[in-house]
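Structure first, commentary second.
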Amino acid sequence: MEKTATAAGRRSGEWTLAEAEVLGRTVLRAPSVHNTQPWRLELTDGAALLLERTDVALPRHDPRRRDLAISCGTALANLELAVRVLGRRAEATVLPDPAHPEVVARVEAAEPLPPTDQELQRYGAIMVRRSHRGAFTGLPVSPEETARVVAAAVTTGVEAIRPSGTERLAKFFEHAARVLQDDGAYQRELALWTIRDEAAHPHGAGIRFSALPPGELPWAGLVRRATVIPDSALLRERLEAETLLLFATADDARADHIRAGYALERCWLEGVTLGLAGAVLTQPLRVAEVRSALCEDYRLAGFPQALLRLGRSTRVAPSSLRRGVAEVLGEKWRERR
Ligand SMILES: Cc1cc2nc3c(=O)[nH]c(=O)nc-3n(C[C@H](O)[C@H](O)[C@H](O)COP(=O)(O)O)c2cc1C
């Protein structure tokens, strides 16, 4: 950020074009449900406002816009890191203005403060993090690594829990998969967000078909018609070979969803700095009876929001599409480019 007025007439505290690009591109790299990237940025003097796009909706998968808010939380984690690598202390406020609920967060770029090694490493992880929809190698994630990932959550009201015993989880996954596979409207919505012909869909949102092989659970990531659903005993074996983190929140309001996404992205990025691969699953949690059964069976004190699978991989996961930075930054920045 510029501290003083320049010959070009920029006011004190105004973001330069290069800084704006860094903020926009870093936000765009965040994971989002069905790769919707439901974000806009408004840059004001000395601060960045992260807004949720109201023109993006997944009425069948996400009628309460829970996953969209979680996706805004992941973008917030990235935005905060971008402000840090630009050398400012970042002060984030979630839902800063009740009169404007579309403003997810305000990140104040406060006084100059060089980023720490850990922040730089996590920032680097943003550029290489990808959803790994596939089996991991058998090499386990160590308890120390898991502890480091869990410690990265540090978000009020969010807990990253290791679900004890995978038997019930496997049973719930199997049930959710069968429900979703038979839900025609759900499958149509997923198909709409699955991009088979990129030339016909140049907007840069949605999931590449090639990134969603029919596959088997839990590796397929998203249940489609062709997804193979193994019985729960086999599914349990597979889940046991992975490190699973369940993100649960004390309450189930929009602020909780945003915070869950923020914690999720921080943990995922920390995992990437440790050389781990990861993938998020919320699809089974959006089946109402699975959500409530999970709370009961695992005696959760709060609400399950997302699952993060972690493991090791020798395979590079496919890259995903992204919207253009001008779409996130808006007209004002488009004109300045
Ligand atoms: C809230 C949320 C929910 C998600 N749910 C799933 C899911 O159930 N299954 C899945 O395979 N991927 C899921 N994803 C991952 C997105 O599809 C992925 O982030 C997006 O396609 C971009 O790809 P990338 O992560 O490789 O950058 C989810 C991501 C978020 C943030």
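The values are calculated or read from the model by the stated rules, or taken from the named source; none is laboratory data. Source: prediction; values computed, not measured. For neighbour counting, all protein chains shown are included, and Cβ atoms are generated from backbone atoms with ideal geometry for every residue, glycine included.
In the condition set (1) surrounded by fewer than 21 Cβ atoms within 10 Å (Cβ to Cβ); (2) away from the ligand (no atom under 16 Å from the Cβ); (3) at negative phi, residue 125 is compliant with all but (2).
Comparison of 55, 45 shows that the only residue that is modelled with pLDDT under 95, assigned by TED's automatic domain parsing to the domain that holds residue 106 and surrounded by fewer than 14 Cβ atoms within 10 Å (Cβ to Cβ) is 45.
Answer yes or no as to whether residue 244 is within 17 Å of residue 146 (Cα to Cα) and surrounded by fewer than 22 Cβ atoms within 10 Å (Cβ to Cβ).
Here the answer is yes, as residue 244 does meet what is asked.
Before we move on, is residue 124 in contact (Cβ under 8 Å) with a residue 60 or more places away in the chain, part of a loop (DSSP other than H, G, I, E, B) and not hydrophobic (A, V, I, L, M, F, W, C)? When the stated conditions are applied, residue 124 does not pass them. Residues in region 199-208 that are under 23 Å from residue 71 (Cα atoms) and more than 12 Å from the ligand (Cβ to nearest atom) were compared, and the one that is surrounded by the most Cβ atoms within 10 Å (Cβ to Cβ) is 201. With the requirement that a residue be among the aromatic types (Phe, Trp, Tyr) and assigned to a helix (DSSP H, G or I), what does region 139-193 give you? Within region 139-193, 172, 173, 186 meet the criteria. Of all residues in region 39-52, none satisfies being within 14 Å of the ligand (Cβ to nearest atom) and in a loop (DSSP other than H, G, I, E, B).
With respect to the conditions (1) out of contact with any helix residue (DSSP H, G or I) (no Cβ under 6 Å at 6 or more places or on another chain); (2) within 10 Å of the ligand (Cβ to nearest atom); (3) closer than 25 Å to residue 169 by Cα, residue 214 lacks only one, and its number is (2). When 109, 90, 77 are screened for being modelled with pLDDT of 95 or more and within 16 Å of the ligand (Cβ to nearest atom), only 77 passes. Within region 66-105, restricting attention to residues that are more than 18 Å from residue 52 (Cα to Cα) and of a type in the set (Val, Ile, Thr), the residue that is surrounded by the fewest Cβ atoms within 10 Å (Cβ to Cβ) is 85. Do you know which residues across region 20-38 are under 19 Å from residue 86 (Cβ atoms) and either in contact with a Ser or Thr (Cβ under 6 Å, 6 or more places away or on another chain) or more than 10 Å from the ligand (Cβ to nearest atom) (or both)? Hits for region 20-38 are 20, 21, 22, 23, 24, 25, 26, 27, 30.
Is it true that some residue in region 62-70 is modelled with pLDDT of 95 or more, within 19 Å of the chain's Cα centre (by Cα), of a type in the set (Asp, Glu) and away from the ligand (no atom under 16 Å from the Cβ)?
Checked against the condition, which is being modelled with pLDDT of 95 or more, within 19 Å of the chain's Cα centre (by Cα), of a type in the set (Asp, Glu) and away from the ligand (no atom under 16 Å from the Cβ), region 62-70 yields no hits at all.
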